[in-house]
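The values are calculated or read from the model by the stated rules, or taken from the named source; none is laboratory data. Just so it is clear, the model here is predicted, and its values are computed rather than measured. Glycine also receives a Cβ, built like all others from the backbone with ideal geometry; neighbour counts cover every protein chain displayed. Just so you know, the surface numbers come from the protein's heavy atoms only, side chains and all, with ligands and any DNA or RNA stripped out. Shrake-Rupley method; radii C 1.70, N 1.55, O 1.52, S 1.80 Å.
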Amino acid sequence: INELRKMEEQESKEQAELINQEIQQMQQQLNFIKQEYTELAAVSESLKNLEETTEGSEMLMPIGGGIFIKTSIKDSENILMNIGSNVVVNKSLNETNGIIENQLKELKNAAESLENEIANIIIMVRGK
């Protein structure tokens, strides 16, 4: 009987460890999604600011590493957008805003779904 209890305890510990690892992985995914959301929200805000600019307006353009150059707007209505695999397409400002807003909604839904999954696992584990 003691052998059986030890085996059950070991099995229970292993199962708890697996569940803990799964929750940690899900939390890492959630952090990544939240980081992506924050970056896209900043893009959305920049696009809204761009709507208020006129041709010839000066702005600072980031070139990386916290370094900026002064530049002027030649066309604020047409945006060049990377759609993957280094393919860049021309989109109107409104189209770009729509795409970014959809991506923000998708990320928000994914984060909520993941948060619910984590909560359900925790509830399930506590119920045992």
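Karplus-derived 3J(HN,Hα) values for segment 87-96, using 6.51 cos²θ - 1.76 cosθ + 1.60 with θ = phi - 60°, are 9, 10, 10, 8, 10, 6, 4, 5, 4, 5 Hz; glycine and proline are entered as x. Temperature 10 °C, viscosity 1.306 mPa s: under these conditions the Stokes-Einstein estimate for the chain, based on its Kirkwood radius over C-alpha pairs, is 85 µm² per second. With 28 Å as the limit on Cα-Cα distance, the pairs of LYS48/LYS105; LYS48/LYS70; LYS48/LYS74; LYS74/LYS108; LYS34/LYS91 that go past it are LYS74/LYS108. With the simple model of a label 7 Å out from the Cα in the direction of the Cβ, ASP75 to GLU14 spans 6.3 nm.
Of the whole protein surface, GLU101 contributes about 70 Å² of accessible area at a 1.4 Å probe radius.
Computed on the Cα trace of segment 85-128, the radius of gyration divided by the Kirkwood hydrodynamic radius gives Rg/Rh = 1.35.
For ILE79, the residues whose amide H sits under 5 Å from its own are LYS91, SER92, LEU93, ignoring neighbours fewer than 5 places away on the same chain, with H placed 1.01 Å from N.
Length gained on full extension, ILE83 to PHE68: 3.0 nm, using 0.36 nm per residue less the C-alpha separation. In plain terms, the chain from GLU106 to GLN27 could stretch by 26.7 nm, reckoned as 0.36 nm per residue minus the Cα-Cα distance.
Straight Cα distances below 19 angstrom link LYS13 to the lysines LYS128, with same-chain residues fewer than 8 positions distant left out.
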